[in-house]
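See structure below.
No value in this document is a laboratory result; all are computed from the given coordinates. None of these values were measured; they are calculated from a predicted model. Backbone-built Cβ (ideal geometry, glycine too); neighbour counts: all protein chains shown.
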Amino acid sequence: MKKALQIKRELQNALRVGWFLAVRNLRRGSMWTTTLIIFIMILTFLNLVVVSGLLLGLISGSFVAFRESYSGEVIVTSAAQRSYIENSQNLITFLEHHPEVKDLTIRYGTNAQILGTLTDLPGKNERANQIGIRLMGLDPVAEERMTRFSRFTVQGEPLQAGEEGYLLIGANMIKKYSAFADANIPGLDLLTDIEIGDRVRVSIASTEGTIKKDFILKGIVKSKVDEISTRAFITDRELRRLIPVNKNEVQEIAIRTKESYAPLLVKEIKDFMGSYAARVQTSGEAIPSFLRQVETTMGMLGNALSSFALVVASITIFIVVFINAVTKRKFIGIMKGIGVSPLAIECSYIFQALFYGIVGSIVGLFLTFVVLKPFFDAHPINFPFSDGILVATPESAALRVVILLVVTFAAGYIPAKIIVRRNTLDAILGR
């Protein structure tokens with residue numbers, strides 16, 4: 001018992017003396033050296049958080065766009081080998097009266113052919129100016145409320161409720177606007193020589209023959225979500241008249257709810273559907289799996305780059321503490337000679353190293369969450385496939401602070417231990 005109390009008292013004295021020596025050294029040290037070391041720690045912290053956060057943000061931006069522009073938190077689509085959601089009208093009633101459903105939009109859809117040139121027939125060896133496309137019928141009011149669909153209209157005008165005879169086409173299906181216009185992809189056909197106001201012909205195949213109707217191209221829609229840029233859109237009322245069968249059965253229902261409630265809502269919908277067939281997914285589940293794999297790869301790459309930054313920071317702290325201790329060998333020897341414990345001297349250098357790490361982390365946290373994250377949220381990086389954002393959470397940042405401080409602790413302790421353990425008389429005499 002006495003031995004334990006003695007060890008505790010020695011440790012307390014070592015910490016108290018070590019703290020005094022650390023404060024004294026920092027006050028008497030070079031301001032420029034201290035500032036430079038803290039600056040290095042800030043850059044290290046930003047490398048840990050921001051670099052990996054931006055790499056993840058390249059993919060996470062596309063996830064956010066997918067949810068906000070198309071799927072909502074939950075999306076219901078037709079099951080495999082089905083052309084519509086079974087029992088969809090009852091499901092819509094269920095969702096409209098569900099207390100956790102904030103909003104929803106209903107979409108009708110069918111496969112169609114669009115002929116872009118009605119007056120100029122193709123030559124003998126020429127392809128017709130025609131493409132196969134997914135034709136969607138929307139309620140413009142509900143879609144605008146749910147996804148702000150009109151913001152995707154880059155040319156012309158958006159659809160209006162109640163109008164007929166007008167069509168919107170995704171930019172990637174028209175050669176003039178498509179991101180794939182320069183790619184020589186076998187089997188990829190794009191519409192050419194069509195402008196806003198031109199008349200195009202839509203053909204829908206059915207068991208009773210082909211249904212055809214002419215539309216005026218009212219606008220071009222463009223988004224980094226393929227489900228928008230590769231489809232054509234008319235009003236839902238008009239598409240329902242064109243579809244020969246199952247006019248009341250829908251193909252997609254996008255639902256807005258709390259993100260945390262989405263998995264539970266998926267379960268409730270599946271229970272409600274029972275034996276009826278439909279595919280019910282959260283936004284995250286509906287995202288293609290290859291994007292998830294890219295996200296994992298980006299995370300690994302970010303961690304690898306962050307590891308290099310940690311190594312650089314630890315070496316920097318090691319060198320600074322080691323040189324500081326070497327230049328003060330005689331002073332350390334005198335302190336040991338007058339009775340200052342080696343542990344107290346080691347603690348003083350550990351406290352100095354932790355000071356650099358803590359100040360660098362605090363400034364880095366401020367820059368990350370007060371400056372950089374709001375900036376990238378307001379001004380995302382414009383990549384071809386997504387709007388890149390900065391992915392940083394308090395939990396992940398706290399983990400990186402702990403990692404940085406552990407590395408800093410080791411980088412301060414090891415050189416101090418090497419110098420302090422040397423013979424006291426040799427240290428005083430400078431041998």
>> Can you return the aspartates and glutamates within cross-link range of K258? Criterion is Cα-Cα under 14 Å, with same-chain partners fewer than 8 residues away left out.
In response: E68, E73, E100, D103
> Scattering from the C-alpha atoms of the range 103-256 alone, worked out with Debye: what is log10 I(q)/I(0) at q = 0.14, 0.15, 0.17, 0.20 1/Å?
Replying inline: -0.67, -0.77, -0.99, -1.35
> In deg cm²/dmol, rounded to 500, what helix-only [θ] at 222 nm does the chain give when every DSSP H run of at least 4 residues adds -39500 (n - 2.57) and the total is split over its residues?
Replying inline: -16000 deg cm²/dmol
> Where does helix 262-273 land angle-wise versus the long Cα axis of the chain, in degrees 0 to 90, nearest 10?
Replying inline: 30 degrees
> So what's the gap between the Cα centers of the range 348-386 and the range 240-285, to the nearest angstrom?
Replying inline: 41 Å
> Rounded to the nearest 20 Debye, what is the dipole magnitude of the range 103-256 about its Cα centre when Lys and Arg each give +1 and Asp and Glu each give -1 at the C-beta?
Replying inline: 100 debye
> What ranking do 105-118, 153-166 get when scored by the average of other Cβ atoms within 10 Å per residue, highest first?
Replying inline: 105-118, 153-166
> Under 17 Å from the Cα of K213, which aspartates and glutamates turn up, not counting those fewer than eight places away in the same chain?
Replying inline: E163, E164, D198, D236, E238
> How large is ³J(HN,Hα) for each residue in the range 351-360, as worked out from phi by the Karplus curve 6.51 cos²θ - 1.76 cosθ + 1.60 (θ = phi - 60°), to whole Hz, x for Gly and Pro?
Replying inline: 4, 5, 4, 5, 4, 4, x, 5, 5, x
> Could you give the Stokes-Einstein D for the range 333-402 in µm² per second, using the C-alpha Kirkwood radius, 20 °C, 1.002 mPa s?
Replying inline: 139 µm²/s
> How high is the relative contact order of the range 103-256, in percent, counting Cα pairs under 8 Å that sit 6 or more residues apart?
Replying inline: 37 percent
>> Show me, for the range 136-149, the HN-Hα J-couplings you get by feeding each phi into the Karplus relation (A = 6.51, B = -1.76, C = 1.60, θ = phi - 60°), rounded to Hz, glycine and proline as x.
In response: 10, x, 10, 8, x, 5, 5, 5, 5, 5, 7, 10, 6, 4
>> Report the Cα centroid-to-centroid distance between the range 66-99 and the range 1-59 in angstrom, as an integer.
In response: 54 Å
>> Among T153, I114, N246, which residue has its Cα furthest toward the positive end of the charge dipole of the range 103-256, with +1 on Lys/Arg Cβ and -1 on Asp/Glu Cβ?
In response: N246
> Setting aside same-chain residues fewer than 8 positions from K330, which aspartates and glutamates have a Cα under 14 Å from its Cα?
Replying inline: D426
> Given the convex hull of the Cα atoms of the chain, what is a quarter of its surface area in nm²?
Replying inline: 32.1 nm²
> Too long at a 24 Å Cα-Cα cut-off: which of K175/K218; K212/K247; K175/K224; K102/K373?
Replying inline: K102/K373
> Using modelled amide H (1.01 Å from N, peptide plane; none on Pro or chain starts), what sits under 5 Å from the amide H of D198, excluding residues fewer than 5 places away?
Replying inline: L217
> Toward the positive end of the charge dipole of the chain, about the Cα centre and with charges on Cβ (Lys, Arg +1; Asp, Glu -1), which of I358, F369, L5 goes farthest?
Replying inline: L5
> Of all DSSP beta bridges in the range 103-256, what percent run antiparallel (nearest 5)?
Replying inline: 75 percent
>> Students often check this: by mean Cβ neighbours within 10 Å, which of 412-421, 24-33, 353-362, 280-289 ranks highest, and how do the rest follow?
In response: 353-362, 412-421, 280-289, 24-33
> When the Karplus curve 6.51 cos²θ - 1.76 cosθ + 1.60 is applied with θ = phi - 60°, which whole-Hz ³J(HN,Hα) does each residue of the range 295-304 get, with x for Gly and Pro?
Replying inline: 4, 4, 5, 4, x, 5, 5, x, 5, 5
>> For the range 28-122, I need the span (max minus min coordinate) of the C-alpha atoms along each principal axis, in Å, sorted largest to smallest.
In response: 81, 53, 23
>> Step by step: find N for the range 1-72, compute 2.2 N^0.38 Å, then divide the Cα radius of gyration by it. What's the final number?
In response: 2.16
>> Charges at C-beta only: +1 for Lys and Arg, -1 for Asp and Glu. How large is the resulting dipole of the chain about its Cα centre, in Debye rounded to 20?
In response: 3260 debye
> By DSSP, what percent of the beta bridges with both residues in the chain are antiparallel, rounded to the nearest 5?
Replying inline: 75 percent
